[in-house]
Amino acid sequence: MKTNVFAMSYDEQNIAINEVNESLSVYVKNIGNVSRKISFADFFQDKMLLVQAIRRGLPYSIFSQIKSFTPFTDADWAEYLDLSSKTLQRYRDDKNFYFKPIHSEKIFELAEVTNFGIEVFGSSEKFYRWLNSPTYSLNGHKPGELIKDSYGKEMVMAELNRIEHGIFA
């Protein structure tokens, strides 16, 4: 477990997300025809912008900010990205590093799930607890295991949507 994220207050989580929003706004101005500030939620709604960002690759600096508000450990990220921890450390040391599109897509998927999960549960800690608990509506699987691939991520997002609307299986 990543204790520093869990020690964050609601305001600190919002500050971390706002920092990502600022960096993301600068980043997408260089990609698409976006002249306004864009929030994380807006970014995930604009599928064409998301595709362009994935194809361009995500800079490590923004990944680092995304990582700061997610409840995932470095080992979790390495597993989700199918990279070794050493490789992630090497990327961190390269100030100009951009992730390949396949890794950028996975980072954005996990950020989207995290953003929505924190919104639904109100904190990283509650969201992380849910991610690591077997869920009846997901055939007893832990949501954290399912988000390893795109189809599983869609199932987790659908379950979060049901929880948000008070629909329990």
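The values are calculated or read from the model by the stated rules, or taken from the named source; none is laboratory data. None of the values given here were measured: they were computed from a predicted structure. Heads up, the Cβs are rebuilt from the backbone with ideal geometry, glycines too, and the neighbour counts pull from every protein chain shown. The protein model used for the area step is the full one, side chains on, heavy atoms only, and it has no ligands, DNA or RNA in it. Shrake-Rupley method; radii C 1.70, N 1.55, O 1.52, S 1.80 Å.
General observations
- In region 96-127, residue most open to solvent (accessible area, probe 1.4 Å) [restricted to those that are more than 17 Å from Asn14 (Cα to Cα) and among the hydroxyl-bearing types (Ser, Thr, Tyr)]: Tyr98
- Region 147-158, subset open to solvent by 30 Å² or more (accessible area, probe 1.4 Å) and without any contact (Cβ under 8 Å) to a residue 40 or more places away in the chain, residue farthest from Ala78 (Cα to Cα): Ala158
- Check on Val156, under 14 Å from the mean Cα position of the chain (by Cα), under 24 Å from Ile31 (Cβ atoms) and β-branched (Val, Ile, Thr): no
- One residue alone among Tyr91, Tyr27, Tyr98 is in contact with a strand residue (DSSP E or B) (Cβ under 8 Å, 6 or more places away or on another chain), at pLDDT 95 or above and more than 25 Å from Ser123 (Cβ to Cβ), and that residue is Tyr98.
- Of the criteria (1) at pLDDT below 90; (2) in contact with a Pro (Cβ under 8 Å, 6 or more places away or on another chain); (3) open to solvent by 80 Å² or more (accessible area, probe 1.4 Å), which one Phe6 fails: (3)
- Just one of (1) farther than 19 Å from Ile147 by Cβ; (2) open to solvent by less than 10 Å² (accessible area, probe 1.4 Å); (3) in contact (Cβ under 8 Å) with a residue 40 or more places away in the chain; (4) out of contact with any strand residue (DSSP E or B) (no Cβ under 7 Å at 6 or more places or on another chain) fails for Arg56. It is (2).
- Here His141 meets each of (1) exposed (fewer than 13 other Cβ atoms within 10 Å of the Cβ); (2) touching a Pro at 6+ places or on another chain (Cβ under 7 Å) with one exception, condition (1).
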